[in-house]
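Below is one structure, written out as structure tokens; the observations come after it.
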Amino acid sequence: AEMPAVTGLYAAFFALVLYGLLGSSPQLSVGPVALVCLMTASAIHNHPDAEPGAVAAHLGLLCGVMLLLLRVFRFGAVVNLLSHPVLVGFVNGAVVLILLSQVPVLLGVATPAELAGAAAGLWALTQPGAIDRETLGIALFGAFVLGATRLPEALPRRLRPRWGAPLR
């Protein structure tokens, strides 16, 4: 979102503390998750003359007030009306947006300032000559390592390697 990384650390800490005090569901994902960061970056991108930190702070306060009002008026029951296909479609759409927003970074392609998110990812895919081979190699190696750690799950239990929980 064109902001210092420490901003995400502050957001994660205070969100977790507040949710620990006021939250009601252990299944919720709290903190600066990828989709929220993408939407914040989009809001910052739509206000180029404003300070990015101020836009993010106003957006956070506005969302907090809206969530508080929804809690006061007990609109949480409305979530139960959302069907499973709607939720799956939302999550899959979020995955596509997050994946496309990471394409320029994975390819090492510098995108124009006026492009952000999925538009920047699609633009980067149309620039094969601008791909940085070293960056792409590191990205492919990382994807291979992540895939290799998941591969043993497909093996029968007796053939699986016995490594620690963090590598599962």
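Scanning the range 25-43 turns up no residue that is at pLDDT 80 or above and not in a helix (DSSP H, G or I). Only one entry in 137, 108 is open to solvent by less than 50 Å² (accessible area, probe 1.4 Å) and at positive phi, namely 108.
Among the residues of the range 111-132, those that are open to solvent by 40 Å² or more (accessible area, probe 1.4 Å), touching a residue at least 12 places away in the same chain (Cβ under 8 Å) and not hydroxyl-bearing (Ser, Thr, Tyr) comprise 116, 122, 123, 125, 127, 130, 131, 132.
Restricting the range 51-82 to residues that are assigned to a loop (DSSP other than H, G, I, E, B) and under 23 Å from the mean Cα position of the chain (by Cα) leaves a set whose member that is modelled with the highest pLDDT is 51.
The numbered conditions (1) open to solvent by 90 Å² or more (accessible area, probe 1.4 Å); (2) in a helix (DSSP H, G or I) are all true for residue 89 except (1).
The values are calculated or read from the model by the stated rules, or taken from the named source; none is laboratory data. Small disclaimer: the values here were computed from a predicted structure and weren't measured. Because the Cβ atoms are built from the backbone with ideal geometry, glycine has one as well, and the counts that use them run over all protein chains shown. What goes into the accessible areas is simple: the full protein's heavy atoms, side chains included, and nothing from ligands, DNA or RNA. Shrake-Rupley method; radii C 1.70, N 1.55, O 1.52, S 1.80 Å.
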